[in-house]
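Please read the structure below before turning to the comments.
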Number of protein chains: 2
Amino acid sequence: MRNKDTLKQEIMDAFHFRHATKEFDPDKQIPDEDFRFILETGRLSPSSFGFEPWRFVVVQNPELREKIKQASWGAFSKLPAASHFVIFLARTKVDTIYNSDYLQDHLKNVSHFPEEILEKFLSKVEEFQRDDFKLLDGERPLYDWASKQTYVALANMMTAAAQIGIDSCPIEGFNIEKMNQLLDEEGLLEDGHFGISVMAAFGYRTQDPRPKTRRPFDDVVKWV
Amino acid sequence: MRNKDTLKQEIMDAFHFRHATKEFDPDKQIPDEDFRFILETGRLSPSSFGFEPWRFVVVQNPELREKIKQASWGAFSKLPAASHFVIFLARTKVDTIYNSDYLQDHLKNVSHFPEEILEKFLSKVEEFQRDDFKLLDGERPLYDWASKQTYVALANMMTAAAQIGIDSCPIEGFNIEKMNQLLDEEGLLEDGHFGISVMAAFGYRTQDPRPKTRRPFDDVVKWV
């Protein structure tokens, strides 16, 4: 392990390097192994109860990129120039509700939960969803809860990218209904098991950003 | 800049090192400068439109820690042993709706938006909130949208911690209403401007975790 102060400084440098990149260089491609590394940081991200309620769709097809460009004001200036373009999907209620087939399968075959505690665990999840976070009041809260988890993956992917000198731009600039309709037509939502959460473009900047602005430390952090 | 492959490997190592730590060593304290570094990665995190709709409350007071321990099943086994304990607050509708005083002030005095484009920008935000993400249908969607941003800060703080050998555990195991009531009584919600989003404990593990489980790469990542 290198000197900790050097390491912390390098990480800080990455946080200052990262910015919502306005315009990407169309002539620069992220090497495959670097983008796979970025995706890996998303895949290894934590999620509530370890449910991994996400999918990362990497859109490289020019025709689909053009459709997304036209459907999303946030993506408009980033496509087609961005080297890689990711749509973060979140799993919908059919998969994330406590008694879903997806969760049963995931806990058994991915998380390797012992059979004898599975039922007890899922009743804890039910209590959490019903009473603690009140996620079962309508469709939206449960979906937004899954969506929150995708922001963890998004954050890790953007930061990891910055640490190896790759730029990114997170994108919420789209109409959710329209984008879901487009993605559904393209067969990417698996018959309603997924919906769009957020998007991100990755590549290399063409110009330096404005200086970063943030609220002062003592406004954002409170000690009690 | 060091060799990129080494750097990528070190970051991957941090992702494997990080796990939802079950039990913290009560005898080990995170050095102040390390915890400030972790908080800085949260403060420098990106957020939608740059609104920074968050506050990080570091709870070190033993009496308040005990109250949180009793009110949160997720925090129960982490307190009082965790070195540092953070409550991520999200700003409520009164601050995050497009025409709020907070946003006006934030854009002028923090983001340094030129006066002449402020109105146009805020009408774009209104359109986004009303039509694109449909955040104005009830109280909850707008709040969950702010909450999503706090998960970006949470992710960055946990990953940065892991990169310098510090453990963490994200915590959603609490009743939102009860925790908000407790935090309100403690005067931490600024008369309804904030609500609880998520929590995290930081410190040092007492034992090695179970092997990490994740869905296979090709299940989580799709290329089109």
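Cβ-Cβ contacts under 9 Å between residues 6 or more apart (or on different chains), taken from a first residue in the range B:202-218 that is touching a residue at least 40 places away in the same chain (Cβ under 8 Å) and within 9 Å of chain A (Cβ to nearest Cβ) to a second residue that is of a type in the set (A, V, I, L, M, F, W, C) and in a loop (DSSP other than H, G, I, E, B), are listed as B:212/A:44. The single condition among (1) of a type in the set (S, T, N, Q); (2) assigned to a helix (DSSP H, G or I); (3) crowded, with 20+ Cβ neighbours inside 10 Å that residue B:181 does not meet is (3).
Across the range B:149-162, a minimum of one residue is classified as at pLDDT 95 or above and over 15 Å from the mean Cα position of the chain (by Cα).
Yes/no per residue for (1) surrounded by 22 or more Cβ atoms within 10 Å (Cβ to Cβ); (2) more than 17 Å from residue A:224 (Cβ to Cβ); (3) touching a residue at least 40 places away in the same chain (Cβ under 8 Å); (4) in contact with a Cys (Cβ under 6 Å, 6 or more places away or on another chain):
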{"position": "B:56", "(1), (2), (3), (4)": "yes, no, yes, no"}
{"position": "B:60", "(1), (2), (3), (4)": "no, no, no, no"}
{"position": "B:70", "(1), (2), (3), (4)": "no, no, no, no"}
{"position": "B:77", "(1), (2), (3), (4)": "no, yes, yes, no"}
{"position": "B:81", "(1), (2), (3), (4)": "no, yes, yes, no"}
{"position": "B:85", "(1), (2), (3), (4)": "yes, no, yes, no"}
{"position": "B:89", "(1), (2), (3), (4)": "yes, no, yes, no"}
{"position": "B:94", "(1), (2), (3), (4)": "no, yes, yes, no"}
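Filtering the range B:156-166 to residues that are facing chain A (nearest Cβ under 7 Å), in contact with a Leu (Cβ under 9 Å, 6 or more places away or on another chain) and part of a helix (DSSP H, G or I) leaves B:156, B:163.
None of B:175, B:180 is of a type outside the set (A, V, I, L, M) and within 9 Å of chain A (Cβ to nearest Cβ) except B:175.
All but one of (1) outside any helix (DSSP H, G or I); (2) more than 30 Å from residue B:173 (Cβ to Cβ) hold for residue A:197, so report the exception by its number. The single condition residue A:197 does not satisfy is (2). Taken over the range A:125-155, the criterion of being farther than 27 Å from residue B:157 by Cα and not in a helix (DSSP H, G or I) is satisfied by A:136, A:137, A:138, A:139. For the range B:21-49, filtered to residues that are surrounded by 14 or more Cβ atoms within 10 Å (Cβ to Cβ), within 17 Å of residue B:86 (Cβ to Cβ) and in contact with an Asp or Glu (Cβ under 9 Å, 6 or more places away or on another chain), the residue that is farthest from the other protein chains (Cβ to nearest Cβ) is B:24. Figure legend. Inter-residue proximity from the range A:13-30: first residues within 21 Å of residue A:173 (Cα to Cα) and in contact (Cβ under 8 Å) with a residue 24 or more places away in the chain, second residues assigned to a loop (DSSP other than H, G, I, E, B) and of a type in the set (Ser, Thr, Tyr), beta-carbon distance below 6 Å, spacing 6+ or different chains. Indicated pairs: A:23/A:206; A:25/A:204; A:25/A:206.
The values are calculated or read from the model by the stated rules, or taken from the named source; none is laboratory data. All of these numbers come straight from a predicted model, not from anything done at the bench. A quick note on method: Cβ atoms are made from the backbone with ideal geometry, for glycine too, and the neighbour counts reach across all protein chains shown.
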